[in-house]
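Here the structure is laid out as structure tokens; the discussion comes afterwards.
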Amino acid sequence: MATHLALHFQKAGHRVTCIYSRSETPAQQLAERVGAKGTRSPAAVPRESDFYFLCVPDGVVPEVSRRFTG
């Protein structure tokens, strides 16, 4: 889902600035495709953005959300 969203938003003229993933390789691969920064560190995700998309399986939403909220 994240790949499709990032590619479609980029194609529509929006700037994708950061791709976060729990695994470094997928973050870097998608980031390279859209010209963004890739990271597995929540601290490296810009705090000022118009939109954030959380594209993870339902079962890990609480875990991933806690990484961003502390």
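The values are calculated or read from the model by the stated rules, or taken from the named source; none is laboratory data. Nothing here was measured: the structure is a model prediction, and the numbers come from that model. As a convention, Cβ positions derive from the backbone with ideal geometry for all residues, glycine included, and neighbour counts pool all protein chains shown. What goes into the accessible areas is simple: the full protein's heavy atoms, side chains included, and nothing from ligands, DNA or RNA. Shrake-Rupley method; radii C 1.70, N 1.55, O 1.52, S 1.80 Å.
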Answer label, with Cα extents along the principal axes in Å calculated from the coordinates and candidates [x] 67, 42, 16; [y] 36, 25, 21; [z] 32, 23, 21: [z]
Charge context of V45, other residues only, Cβ under 13 angstrom, K/R +1, D/E -1: +4
Accessible area per residue, Å², the chain with all protein chains present, probe 1.4 Å: 74
By average C-beta atoms within 10 angstrom, highest first, the peptides 12-19, 50-57: 12-19, 50-57
Net charge of Cβ neighbours under 13 Å - reference V64; Lys, Arg +1; Asp, Glu -1: +2
Protein accessible area in the chain, 1.4 Å probe - carbon and sulfur %: 53
Computed lengthening from Q29 to D58, 0.36 nm per intervening residue step minus Cα-Cα distance: 8.1 nm
